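Input: a single structure, listed below in structure tokens.
Bear in mind that the values in this text are calculations on the coordinates, not laboratory data. This structure is a prediction, so every number in the text was calculated from the model and none was measured. Every residue, glycine among them, receives a Cβ derived from its backbone with ideal geometry; neighbour counts consider all protein chains shown.
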Amino acid sequence: MLTTPTTTFSPLPTARPFWGRAAVTGGAGFVGSHLCERLLHSGIDVDCVDDLTWGSVANIAHLTGRPGFRFVACDIARPESREALTGPYDVVLHFAGPASPADGRGRALETLDACGAGTRNALAVADRDGARFLLGSCCQVYGDPAVHPQREDHWGDVDPVGPHSAYDESKRFAEALTTAHVSARGTDAGIVRVFNTYGPRMPADGRQAVPTFIRQALAGEPVTIEGDGRQTRSLCYVDDTVDGILRVAASRSVRPVNIGGEEETTVEEIARRVIALTGSDSRPTFVDRDPGDPARRRPDTTLARELFGWVPKVTWEEGLKRTIAAFADPAPGGVACRGGPL
């Protein structure tokens, strides 16, 4: 039987003076909740900011009531969020919004707000407190890239009116806004481009490939693969992703930095690995491919490795086992659907 392992945490990067208090927007989301947990474990007070459009109370249930943790129920895109975030903060991590274009389907305006007005308000809070600001950007800024693997100096190939335009262009705008703040106001800000990440607390009702494959395999349903399955991805387990994010946050870097897995494989192979690890009788089934789905995706992580000493540590097999265990037997903070009353 698969069992959910106890999380172990590596020491927080110490390139910065000690952080006393942090704000994490989108803190009840998948990556955001892991950031909140890691910061709390390191003795840092955390304001978890979320309106539960994409987040879930279940993701932070195990943190509620812990000393130093506060849930701030507000939409970071609204002007009043600046007053709700009382601070003062030493670091503001902006991860509000959908985790992927698939999760943003049907909510294009909310996606644009989270990355537009939301980024502006989060930057204003950081400016007010003289805090370090880190933008949680995404590999989608590269679109369907002409350069492989994707380097930070690649400008990308994005359709501004395509099916993923709200998500892709909102991330690009958020990067431009952050860069403008650095130039015009001297804001202490950085950008991290997160590539495909997986792990416990991914939405069970979402549209991303890994949780969809796991949910279908555990239920004995056909595992649906878009297109011919030959499009590639390189996944990174969430603990490694969070470690990379915090290394960038603790640095003085202002340039975008890729954080993501280094092993590239096809979507079909990911599906087959999930089926094998769950011991399921499910069979792969091929369906129409999302027209905005990139053909290849893998980051060049040279900067993260050379500047911050970051490399992923959790293997595919181990990471998938942990994720499957969380889906099969969800404990508090393990895996959840979206929203829910507080």
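Exposed loop sites are taken as chymotrypsin sites (Phe, Trp or Tyr not before Pro) in a DSSP loop (any state but H, G, I, E or B) with at most 16 other beta carbon atoms within 10 Å; the longest stretch of the chain without one runs 156-342. Toward the positive end of the charge dipole of the range 21-328, about the Cα centre and with charges on Cβ (Lys, Arg +1; Asp, Glu -1), which of Gly162, Leu35, Thr53 goes farthest? So the residue furthest toward the plus end is Leu35. Over the chain, dividing the summed -39,500 (n - 2.57) contributions of all DSSP H runs of at least 4 residues by the number of residues returns a 222 nm mean residue ellipticity of -10000 deg cm²/dmol.
As a proxy for reagent exposure, Leu218, Leu303 were ordered by neighbouring Cβ count within 10 angstrom, fewest first; the result is Leu218, Leu303. Which entry in (i) 134; (ii) 146; (iii) 122 matches volume of the Cα convex hull per residue in Å³ derived from the coordinates of this structure? So the calculated entry is the one marked (iii). Residue order for Ile275, Ile60, fewest other beta carbons within 10 angstrom first, comes to Ile275, Ile60. When only the Cβ of Lys, Arg, Asp and Glu is charged (+1, +1, -1, -1), the dipole of the chain relative to its Cα centre reaches about 580 debye. Please work out the Cα center distance from the range 172-233 to the range 124-160, rounded to the nearest Å. Centre-to-centre distance over Cα atoms comes out at 13 Å. Here the residues Glu221, Glu226, ranked from fewest to most Cβ neighbours within 10 Å of their Cβ, fall in the order Glu221, Glu226.
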